[in-house]
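Notes to accompany the following structure.
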Amino acid sequence: MKTFIQKLGKSLMGPLSIIVAAGLLLGLASTLQNPNVFGNVLANVEFVNGFVSLVNSLAGGLFGLLPILFCMSVAQGMSKEDKEVATFASIIGFILFHVTIRFFLSLNGITPETTSIDYLTSQGMSLLEATQQNAAYDTVMGIFTYRMSIFGGIIVGLWTAMIHNRFHETQLPTAFSFFSGKRFVPIMMVVTIPFLAIVMYFVWPLFNMAINGFGNLLAAAGAFGTFIYGFLERLLIPTGLHHILNQLIRFTPIGGTAVIDGEQISGALNIFNQLLMSSNPDMDVMRQATRFLTQGTHPFMVFGLPAACFAMYKTALPQNKEKVKGMLLAAGLTSFVTGITEPIEFSFFFISPLLWLFHACMAGLSFLINTLLGVCIGNAGGGLIDLMLFGVLRGPETKWYLNVIVGLIYAVIYYTVFKWAIVKFNIKTPGREDETDEISYDEEVTELGAAIMEALGGKDNIVEIDNCISRLRLILKDTSVINENALKKTGSLGLIKINETNLQVVYGAKVEKAAAELKRAVKANV
């Protein structure tokens, strides 16, 4: 189960990079149209208006593809081998899944015409009741179906991975051998996906009620709900479950719902992006969405954690300061610019539960304070880029200056608390290791892949290699034989042992290179 959850969390991250990039383009387009920035100078510039329209069209189309993007990403991430076959099969499954649901809906007289607001009000429903009834259904890739958002994609993706892992090596009798192996997976999807769709046809309305109920509960908690989210999001980072929590908030009704231009939109990030494409966005609705987005992360990502890095440097042993300076500076700048915080967090998470809890509480407070102050900064990154593009450049209506003031206060608090706790409790942050455990942080590893492979117990101990945005995700035969000190010399910033066979190694922004080099080293030793 731990392995399953870890892989699922990583798989859900697949579409996020695309969505964040699209959000940055939307932010730029929105800035060009914002009269608080350029006044009316660009209002009648044909090229600018054309660029904004193009960006809005591309982003709108991309956001409409979110369910199938999640479907493909989950199918790929949860499959063991031949991942491209699973991805191909997931597209077939996704379409047939919704076609089957549409068929059963039509049998009960549920069609786009009979669920339209005009039709429902003509049948005696109030406008509110008609709107709620209409919102239960959606059109996905031209198919009328339940409004399942990313859940439909995740469900089909998981089903595809299960079918793929079970049947991708199946051998049929000689007469039918052409359909064996990889070709058998899409066939099994065609055969089995209608049964899954029939089950979901009956189960989804109940599941939808539970999701909406949880969302309503979070909304009823008001600003305190944002504290709960921020606290849990940081607390769950070592487990990988924060990815699942993030996506539920960003793309499902748990993160809120809003009617924008006559269409119901669910999920905090979806609402924010949809409003960015509006020529006259409702700022009150936008603030309700951004309370779960990056405005709560800037104080500790841009200000707090870099200050914690400085505290670690100041408290390092004198003979080690030069050794750790480069590493801490790189980690601090990464958090400051991009919002990638794990290289810093894993330097203290497991050696000091006190600092871990402090950091989670400060994250929750950041979300709470920014909500109470009415700050309105969105997207899903969290670093300086998001603060500038979605805060400063969008004008004073975002109240970005309050976010910065909170951040400066956070910098002082993080520096003071970290420096005090490290000295008081002799916490072994980078540069404070005992002499027997001392690590050469700036040691050059000329054969990175070979060094990592050796530290992991050699090629024969490595079963599977994967990575997410900051960690190597490994399946080993035995995690007890790894050499932690040797891994640190390769640039590792921390380890997470999920169980006897599953290991995660934190590399931060260098993880792509580490994964590629390790795969290359393993292949070279075949």
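The values are calculated or read from the model by the stated rules, or taken from the named source; none is laboratory data. Only a predicted model underlies this, so the values are computations on that prediction, with no experimental measurement involved. We place every Cβ from the backbone using ideal geometry, glycine too, and count neighbours over all the protein chains shown.
With the checklist (1) closer than 30 Å to VAL259 by Cβ; (2) not in a helix (DSSP H, G or I); (3) not aromatic (Phe, Trp, Tyr) in hand, flag the one item ASN208 doesn't pass.
It is condition (2) that ASN208 fails.
Going through GLY457, GLY449 one at a time, which residue ends up being on the phi > 0 side of the Ramachandran plot and either of a type outside the set (A, V, I, L, M, F, W, C) or part of a strand (DSSP E or B) (or both)?
On the way: GLY449 fails: on the phi > 0 side of the Ramachandran plot.
Of GLY457, GLY449, the one residue that is on the phi > 0 side of the Ramachandran plot and either of a type outside the set (A, V, I, L, M, F, W, C) or part of a strand (DSSP E or B) (or both) is GLY457.
Any residue in segment 123-145 that's farther than 20 Å from THR252 by Cα: show its pairings with residues that are assigned to a helix (DSSP H, G or I) at Cβ separation under 7 Å, as long as the two are six or more apart or on different chains.
If the second residue must be assigned to a helix (DSSP H, G or I), the pairs left are MET125/GLN133; LEU127/THR121; ALA130/ILE117; ALA130/LEU120; ALA130/THR121.
For MET277, are the conditions met, namely being at pLDDT below 85, in contact with a Leu (Cβ under 9 Å, 6 or more places away or on another chain), surrounded by fewer than 24 Cβ atoms within 10 Å (Cβ to Cβ) and farther than 30 Å from GLN132 by Cα? Before the answer, list the steps.
Numbers: at pLDDT below 85: yes; in contact with a Leu (Cβ under 9 Å, 6 or more places away or on another chain): yes; surrounded by fewer than 24 Cβ atoms within 10 Å (Cβ to Cβ): yes; farther than 30 Å from GLN132 by Cα: no.
Considered against the rule, which asks whether it is at pLDDT below 85, in contact with a Leu (Cβ under 9 Å, 6 or more places away or on another chain), surrounded by fewer than 24 Cβ atoms within 10 Å (Cβ to Cβ) and farther than 30 Å from GLN132 by Cα, MET277 comes out as no.
Find all pairs meeting these conditions: Cβ atoms under 6 angstrom apart; at least six residues apart or on different chains; first residue within segment 59-70 and of a type in the set (A, V, I, L, M, F, W, C); second residue in a helix (DSSP H, G or I) and modelled with pLDDT under 80.
The qualifying pairs are ALA59/ALA22; ALA59/LEU26; LEU62/ALA22.
Name the pairs: first residue in segment 77-94 and without any contact (Cβ under 8 Å) to a residue 24 or more places away in the chain, second residue buried (at least 20 other Cβ atoms within 10 Å of the Cβ) and polar (S, T, N, Q), Cβ to Cβ under 6 Å, at least 6 apart or on different chains?
Listed pairs, sorted by first residue: LYS83/GLN76; THR87/GLN76.
May I ask you to list pairs of residues, at least six apart or on different chains, whose Cβ atoms are under 8 Å apart, with the first in segment 399-425 being in contact (Cβ under 8 Å) with a residue 24 or more places away in the chain and more than 14 Å from PHE348 (Cα to Cα) and the second being part of a helix (DSSP H, G or I) and β-branched (Val, Ile, Thr)?
So the pair list comes out as TRP400/VAL392; VAL406/ILE369; GLY407/VAL302.
Here are the criteria: (1) buried (at least 20 other Cβ atoms within 10 Å of the Cβ); (2) within 23 Å of GLN504 (Cα to Cα). Tell me which single one PHE350 does not satisfy.
(1)
Among the helices (runs of 4 or more DSSP H) confined wholly to segment 331-441, which include 2 or more residues that are aromatic (Phe, Trp, Tyr)? Steps first, answer last, please.
Numbers: elements: 342-345, 353-373, 384-387, 400-424.
Answer list for segment 331-441: 353-373, 400-424.
What residue, among those in segment 72-92 that are within 26 Å of GLN264 (Cα to Cα) and modelled with pLDDT of 90 or more, is nearest to the chain's Cα centre (by Cα)?
Within segment 72-92, the first condition is being within 26 Å of GLN264 (Cα to Cα), and the residues that meet it are 72-74, 91.
Checking which are modelled with pLDDT of 90 or more leaves us with 72, 91.
Working: MET72: 15, ILE91: 22 Å.
Here the answer is MET72.
For segment 227-241, state whether one or more residues are aromatic (Phe, Trp, Tyr), outside the structural domain of ALA360 (by TED's automatic domain parsing) and over 17 Å from the mean Cα position of the chain (by Cα).
Narrowing segment 227-241 to residues aromatic (Phe, Trp, Tyr): 227, 229, 231.
After this cut, where a residue has to be outside the structural domain of ALA360 (by TED's automatic domain parsing) as well, the list is none.
Taking every residue of segment 227-241 in turn, none turns out to be aromatic (Phe, Trp, Tyr), outside the structural domain of ALA360 (by TED's automatic domain parsing) and over 17 Å from the mean Cα position of the chain (by Cα).
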